[in-house]
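Here the structure is laid out as structure tokens; the discussion comes afterwards.
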Amino acid sequence: MKKISFYIAIIIFIVVVDQVSKIYVFNNFHLGESVPVIDGFFNLTYVKNSGAAFGFGGTFHNYIRYALFLALPVVACFWLAFLLFKSLTGPKIMTYAYTLILGGAIGNLIDRFRLDFVVDFFDFYIGESHFATFNVADSAITLAAGLIILDFFLQKKNASEEIKTT
């Protein structure tokens, strides 16, 4: 129980920081408003994202959007919770990855249920080239993806070393 409490605390932390930052942007910025943080590189810009990553599916019919962006993610959260519990006895890197994904997924799901879109606001750019605007939840999910890739290469390296020693 002590083990899982730590990971639940991380999930709660991600959700709280994500929601507080989104509520701040939602209540204090006009849609499309941009505030420079680092000139020529980073702004806080309020964007409504009705779709998935990079706005994919934002213009789909509502029935499809609800299935893809509400129902499916709820099922995925339960699956992630199962994987998190299962991973407690395995490599910690995957436990952290599932924790970060679950925290990020819950953060974005709260927006979808509350607002019918996700509030994005981190806007990185160079010149006129902007990276897709994102939020704290997206950052947690991206970090988790990096951990999963790292775990893949570590597992591959370990397997290769086992072959060499036999």
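The values are calculated or read from the model by the stated rules, or taken from the named source; none is laboratory data. Please read all numbers here as calculations on a predicted model, not as lab measurements. Heads up, the Cβs are rebuilt from the backbone with ideal geometry, glycines too, and the neighbour counts pull from every protein chain shown. Only protein heavy atoms, including side chains, enter the accessible area calculation; ligands, DNA and RNA are left aside. Shrake-Rupley method; radii C 1.70, N 1.55, O 1.52, S 1.80 Å.
Remarks
- Heavy atoms of Lys3 accessible to a 1.4 Å probe, total area in Å² rounded to 10: 110 Å²
- Segment 69-166, accessible area per residue, ligands and nucleic acids excluded (1.4 Å, Å²): 58 Å²
- In a fully extended conformation the segment linking His130 and Phe42 would gain 30.7 nm over its present Cα-Cα distance, using 0.36 nm per residue.
- Order by protection proxy (mean Cβ within 10 Å, highest first), peptides 113-122, 141-150: 113-122, 141-150
- Prolate/oblate/rounded label for segment 69-166 (Cα gyration tensor, a/c 1.5): oblate
- Of all accessible heavy-atom area on segment 85-157, the percent that carbon and sulfur account for (1.4 Å): 73 percent
- Applying 1/(1 + (r/R0)^6) with R0 = 35 Å to the Cβ-Cβ distance of Thr89 and Val20 gives a FRET efficiency near 0.55.
- For Val75 and Glu33, the difference between the fully extended length at 0.36 nm per residue and the C-alpha to C-alpha distance is 11.7 nm.
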